[in-house]
Amino acid sequence: MIIMEEGATEDQVAHVVARLEEVGATGHVSKGERVTVIGAIGDREEITSLPLEACPGVDRVVTILKPYKLVSREFHATDTVVRVRGTKIGGGHFGLIAGPCSVETEEQVMAAARAVKAAGGTMMRGGAFKPRSSPYSFQGLGVDGLKLLAAARDETGLPIVTELMDPRDLAALLEYADVVQIGARNMQNFQLLSEVGRIDKPVLLKRGLSATIEEWLMAAEYIVKEGNREVILCERGIRTFETATRNTFDVSAVPVVKLVSHLPIVVDPSHATGRPELVLPLSLAGIAAGADGVLVETHPNPEHALSDGPQSLPTAAFAEYADRVRALVAWMGKRLA
Ligand code: PEP
Ligand code: MN
């Protein structure tokens, strides 16, 4: 990490980046309020062989010891704010993201979108490509589902978060979606991560079912390394010995991530618990721990949902849920973006 002097010029920054490129490394420039920092990614020996401290405008060179670099707070001290259409997540902006697990029908998607909008939600979620444990389960509507999501956005104005599983669907997804979700099962699909690192839309990266926080941040590093800095992390519960909940909600991941990374983090209490009655208490726990948003499943008729019905909040109950969330968000000094 090359820390430039206060007032270093654009030319001086460009010169350092050019020197890094001479040895096959890349320079990721991060402009802070006062100083510019350049993250050097490449062969450590080649980089340290460069006389970077002698370059004009360079204050000092610091080695980041953590295995993840660009997503670390050492590299970028202030919170990243991810902008999605008119809304923001991170740095005091809170995202209330909700919608059904899967897109099923036009009526279902529109009913969910209207409920989310009416309750003050900031984004809409819904899967068109579904990662199902059984090959015999509903796999999602595919591109038709994306079109229904886009129609819901057109009516409500809510940006769309939807999952990508296969790079072959990326172009279609980009045509309709605003945020690309990488699901828990693909958190270590490194080629997929690199692929979404080259797009210019934000990525919501879920924590893997059995991933450590470090592995999760390394997955985020794959995305940011390719140039896409707009990554939102999502804690969605991890596998433990406990069976009372579908997964175990790791609330400590929120403040741990906040300490070591500048990326925004949201919590998904629906997949973490698998139980609708636990969605509110664990949302509140996540918000109290410092989460930048919640991602929640809500369905107009959970009993008939084609996936994750048992954990979905009925849309009829969503406004009350949103009111409770909003109150704590305000108490935390954040605002629904
Ligand atoms: C989902 O969001 O519907 C989903 C499949 O989540 P996860 O990848 O966290 O299991
Ligand atoms: Mn789901």
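Using the structure shown, decide if R198 is among the basic types (K, R) and assigned to a loop (DSSP other than H, G, I, E, B).
Taking the combined requirement at face value, the residue satisfies it.
Please verify whether H304 is surrounded by fewer than 19 Cβ atoms within 10 Å (Cβ to Cβ) and either at negative phi or at pLDDT 95 or above (or both), treating the condition exactly as stated.
yes
Under 8 Å between Cβ atoms, which residue pairs at least 6 apart in sequence (or on different chains) link something in region 287-301 that is over 15 Å from M123 (Cβ atoms) with a partner that is in a loop (DSSP other than H, G, I, E, B) and more than 12 Å from ligand 1 (Cβ to nearest atom)?
Pairs found: I287/M332; A288/M332; A289/V251; A289/S252; G290/M332.
I'd like the full set of residues that are acidic (D, E) and in contact with a Pro (Cβ under 9 Å, 6 or more places away or on another chain), limited to region 37-89.
At the first step, the residues of region 37-89 found to be acidic (D, E) are 43, 45-46, 53, 59, 74, 79.
Within region 37-89, D79 is the sole residue that qualifies.
Does region 129-139 contain at least one residue that is under 19 Å from the mean Cα position of the chain (by Cα), crowded, with 22+ Cβ neighbours inside 10 Å and within 14 Å of ligand 2 (Cβ to nearest atom)?
Yes, there is a match, as at least one residue in region 129-139 is under 19 Å from the mean Cα position of the chain (by Cα), crowded, with 22+ Cβ neighbours inside 10 Å and within 14 Å of ligand 2 (Cβ to nearest atom).
Just to be sure before I move on: is P281 of a type outside the set (F, W, Y), surrounded by fewer than 17 Cβ atoms within 10 Å (Cβ to Cβ) and under 22 Å from the mean Cα position of the chain (by Cα) in the structure I sent?
Answer is yes for this residue.
One residue is enough: does region 208-230 have a residue meeting the conditions farther than 25 Å from G86 by Cα, modelled with pLDDT of 95 or more, within 16 Å of ligand 2 (Cβ to nearest atom) and hydrophobic (A, V, I, L, M, F, W, C)?
Yes, the conditions are met somewhere in region 208-230.
Scan region 189-211 for residues that are within 16 Å of ligand 1 (Cβ to nearest atom) and exposed (fewer than 15 other Cβ atoms within 10 Å of the Cβ) and jot them down.
S210
Taking region 87-97 as the region of interest, how many residues are more than 14 Å from the chain's Cα centre (by Cα) and within 16 Å of ligand 2 (Cβ to nearest atom)?
0
Output the residues belonging to region 101-115 that are within 16 Å of ligand 2 (Cβ to nearest atom) and touching a helix residue (DSSP H, G or I) at 6+ places or on another chain (Cβ under 7 Å).
So in region 101-115, the residues within 16 Å of ligand 2 (Cβ to nearest atom) come out as 101-104, 108-109, 112.
Scanning region 101-115 gives V103, V109, A112.
Filter region 281-317 for residues that are among the acidic types (D, E) and either within 22 Å of V81 (Cα to Cα) or not in a helix (DSSP H, G or I) (or both) and give the result.
Once the filter is applied, which keeps residues that are among the acidic types (D, E) and either within 22 Å of V81 (Cα to Cα) or not in a helix (DSSP H, G or I) (or both), region 281-317 yields D292, E297, D308.
Is it fair to say L278 is outside any loop (DSSP other than H, G, I, E, B), within 16 Å of ligand 1 (Cβ to nearest atom), more than 18 Å from L204 (Cβ to Cβ) and in contact (Cβ under 8 Å) with a residue 12 or more places away in the chain?
yes
The values are calculated or read from the model by the stated rules, or taken from the named source; none is laboratory data. Computed from a predicted model, the values in this text were never measured in an experiment. Quick reminder, even Gly has a Cβ in these numbers, built from the backbone with ideal geometry, and neighbours come from all protein chains shown.
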